[in-house]
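Novice: Got a structure here, written out as structure tokens. Questions coming.
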Amino acid sequence: MLYCSTVYMKDTVNLKNRMSKIKGQIEGIERMIDENRDSVDIVQQVVAVNSALKNLGIEILKDETSTCVSDKKKFEVLLKNLFKLK
């Protein structure tokens, strides 16, 4: 059976860039809370972060399923998780 560690993902630079953007969004939310910004604006940013995290998870699972899975059961579990994220 072939298993891959996340260390060997083919596009770690892209994933790290996505994570940096998400971190920035979270820091922005924290500033908005500190500044007592309107709750609608804060929630809008929370929704954006949630979406970004889901998309990051999808990319990780897509990479895993396209390059590392030779075990049918693991493939099914990964696909199931992929569709849960959508």
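The values are calculated or read from the model by the stated rules, or taken from the named source; none is laboratory data. For clarity, every value in this text was computed on a predicted model and none was experimentally measured. Heads up, the Cβs are rebuilt from the backbone with ideal geometry, glycines too, and the neighbour counts pull from every protein chain shown.
Novice: For the range 7-29: of the residues being hydroxyl-bearing (S, T, Y) and either within 17 Å of K54 (Cα to Cα) or not in a helix (DSSP H, G or I) (or both), which is modelled with the highest pLDDT? Spell out the reasoning first.
Specialist: Here is the first cut: in the range 7-29, the ones hydroxyl-bearing (S, T, Y) are 8, 12, 20.
Restricting the remaining residues to those that are either within 17 Å of K54 (Cα to Cα) or not in a helix (DSSP H, G or I) (or both) gives 12, 20.
Numbers: T12: 85, S20: 97.
Going through the qualifying residues, I end up with S20.
Novice: In the range 11-55, which residues are touching a residue at least 24 places away in the same chain (Cβ under 8 Å), within 23 Å of K84 (Cα to Cα) and touching a helix residue (DSSP H, G or I) at 6+ places or on another chain (Cβ under 6 Å)?
Specialist: R18, I22, V49, A52, K54
Novice: Does any residue of the range 63-76 turn out to be loosely packed, with under 15 Cβ neighbours inside 10 Å, among the polar types (S, T, N, Q), in a helix (DSSP H, G or I) and at pLDDT 90 or above? So that I can check it myself, show each step before the final result.
Specialist: The first filter runs over the range 63-76 and keeps only residues loosely packed, with under 15 Cβ neighbours inside 10 Å, leaving 66-67, 70-73, 75-76.
Still in the list and also among the polar types (S, T, N, Q): 66-67, 70.
Still in the running and in a helix (DSSP H, G or I): 66-67.
Now restrict to residues that are at pLDDT 90 or above: none.
No, the conditions are met nowhere in the range 63-76.
Novice: Same structure again: Any residue at all in the range 45-58 that's modelled with pLDDT of 95 or more, surrounded by fewer than 11 Cβ atoms within 10 Å (Cβ to Cβ), over 18 Å from K16 (Cα atoms) and more than 12 Å from the chain's Cα centre (by Cα)?
Specialist: yes
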